[in-house]
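Below is one structure, written out as structure tokens; comments come after it.
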Amino acid sequence: MKFWDRWDRIKTHTFAGRRFHVIIDSVDGLCEKEESNETPNLFINAARPDRTILEAATHEAMHACFPTMSELRVTQSANDIARLLWRMGYRLGDK
């Protein structure tokens, strides 16, 4: 089973108590701001290399968890976290 087959089962995820739709799309990464009572969307592009997917998913998750954090802080923090996970052996692979 390829990883993207498993991703089809991920429809939503809760970040810091707020629910987001998770959309696997060609958008390179986008976290919508929560407005009104609608559930915001978090977009991830699965057509990228493993490390880029990891970095984008971490980056957008940071936006979801910390919506008021500056883009610079999000980028720095997400890159640090993604780099640690990569060094620990995180890979999508075919498992």
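Please treat every number below as a calculation from the coordinates, not as lab data. Just so it is clear, the model here is predicted, and its values are computed rather than measured. We place every Cβ from the backbone using ideal geometry, glycine too, and count neighbours over all the protein chains shown.
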Query raised in the report: Out of residues 5 or more away from I23 or on other chains, whose amide H comes under 5 Å of its own, with H placed 1.01 Å from N in the peptide plane?
Result: L42, F43, I44
Query raised in the report: Simple spin-label model, 7 Å along Cα-to-Cβ: F66 to N41 in nm?
Result: 2.6 nm
**Report entry** Estimated translational D of the chain in µm²/s (Stokes, Kirkwood radius over Cα pairs; 4 °C; 1.567 mPa s)
**Finding:** 94 µm²/s
